[in-house]
């Protein structure tokens with residue numbers, strides 16, 4: 001199939017470009033430097049020119065705290081921009097694949113979230129992505145919404161690298177125990193999206209590595225795997241770590257819909273192990 005990827009220079013988008021091509025698709029893409037998704041005319045013209053059968057909209061403003069500081073910018077880019085892409089897809093009959101987030105939920109449910117639980121975002125980033133979900137669903141029935149969480153990738157800053165950097169520098173570690181979600185490996189998510197593109201079944205999916213964990217327990221797991229098992233971590237609550245954005249507490253997702261069509265991601269522990277090994281960071285435990 002002909003597939004067009006927005007955010008093609010980002011960590012997910014660039015990986016998608018490789019994996020889609022390896023899967024036999026004809027792939028093209030654009031990043032924010034060449035395509036402003038808030039510009040309807042530009043989006044419409046570019047997608048009409050590319051004439052894809054599928055558009056994977058991976059472009060997003062993912063600075064969660066930045067979104068809290070500039071909620072209108074987040075709304076325009078992540079919400080209305082996604083609507084522009086979806087409307088352009090509808091005009092040419094292309095399938096729209098929209099990458100969303102677990103932060104569309106408030107994290108107050110008694111269990112991890114299923115695909116059709118009602119969103120209730122707590123922060124500007126989650127709200128902007130929820131607006132994007134609604135815009136996509138209203139613009140075209142030929143859509144796949146794929147929510148993910150706590151994405152970590154090679155070649156960029158993420159929670160795993162921040163924890164290791166602090167441990168290597170001998171800095172004190174304080175990590176929250178009451179923020180829970182699914183650590184998700186960028187490479188695994190990309191492969192899953194390639195599978196969903198091939199299956200081409202509309203709907204909402206949760207593209208996350210299996211299992212939920214707190215930030216604290218994830219940090220402990222990473223340190224134990226990289227030779228820093230003796231490094232202490234002070235457990236704290238979200239209220240002890242003030243920041244512009246409020247993340248959901250229990251924001252874990254379950255992949256029911258994807259599993260029904262044969263798309264699953266491995267447990268988060270195996271994904272973290274693979275990431276650390278590829279980065280050359282796995283070390284024996286300290287005595």
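A short reminder: the numbers here are calculations on the coordinates, not readings from a lab. As the structure is a prediction and not an experimental result, all values here were calculated from the model. Here the Cβ is made from the backbone with ideal geometry for all residues, glycine too, and neighbour counts use every protein chain on show.
For the chain, the longest principal axis of the alpha carbon atoms and the long axis of helix 268-278 meet at an angle near 90°.
Report the paramagnetic label zone for residue 2: residues of the range 26-47 whose backbone N is under 17 Å from a point 7 Å from Cα along the Cα-to-Cβ axis. Of the residues in the range 26-47, 26-30, 43-47 have backbone N under 17 Å from the label point off residue 2. A full extension of the chain between residue 273 and residue 70 corresponds to an added length of 69.5 nm, given 0.36 nm per residue minus the alpha carbon distance. Within the range 108-140, what residues put their amide N at less than 13 Å from the label point 7 Å along the Cα-to-Cβ vector of residue 80? Hits in the range 108-140 for residue 80 at 13 Å: 132.
Between the C-alpha center of the range 212-287 and that of the range 144-161 there is a gap of 11 Å. When each of 152, 4 is scored by the number of other beta-carbon atoms lying within 10 Å, the sequence from fewest to most is 152, 4. Distance between the pseudo-spin-label points of residue 260 and residue 63 (7 Å out from Cα toward the beta carbon): 3.9 nm. Report, in degrees rounded to the nearest 10, the 0 to 90 angle that the Cα long axis of helix 186-199 makes with the longest principal axis of the chain. The angle comes out at about 30 degrees. Helix content alone sets the calculated 222 nm mean residue ellipticity of the chain: runs of n ≥ 4 DSSP H residues at -39500 (n - 2.57) each, divided across all residues, give -11500 deg cm²/dmol. Our summary gives the chain a relative contact order of 20 percent, counting only alpha carbon pairs under 8 angstrom and 6 or more residues apart.
Taking 0.36 nm per residue of separation and subtracting the Cα-Cα distance, full extension of the segment from residue 168 to residue 21 would add 49.2 nm. Arranged from fewest to most other beta-carbon atoms within 10 Å of their beta carbon, 233, 92 become 92, 233. Annotation: the antiparallel percentage among DSSP beta bridges lying fully within the chain is about 5. Model label sites at residue 44 and residue 9, defined 7 Å from Cα along the beta-carbon direction, differ in position by 2.7 nm. Report the FRET efficiency, 1/(1 + (r/R0)^6), for residue 134 and residue 157, where r is their Cβ-Cβ distance and R0 is 30 Å, rounded to 0.05. Calculated value: 0.50.
Overall, the anisotropy analysis places the range 221-285 in the oblate class: the square-rooted eigenvalues a ≥ b ≥ c of its C-alpha gyration tensor yield a/c not less than 1.5, with a/b not exceeding b/c.
Kindly express, to the nearest 10 degrees and within the range 0 to 90, the angle between helix 215-225's C-alpha long axis and the longest C-alpha principal axis of the chain. Tilt relative to the chain: about 70 degrees. All Cα-Cα distances of the range 1-135, cut into 5 Å bins from zero to the largest, leave 2, 11, 20, 21, 19, 14, 9, 4, 1, 0 percent in each bin in turn.
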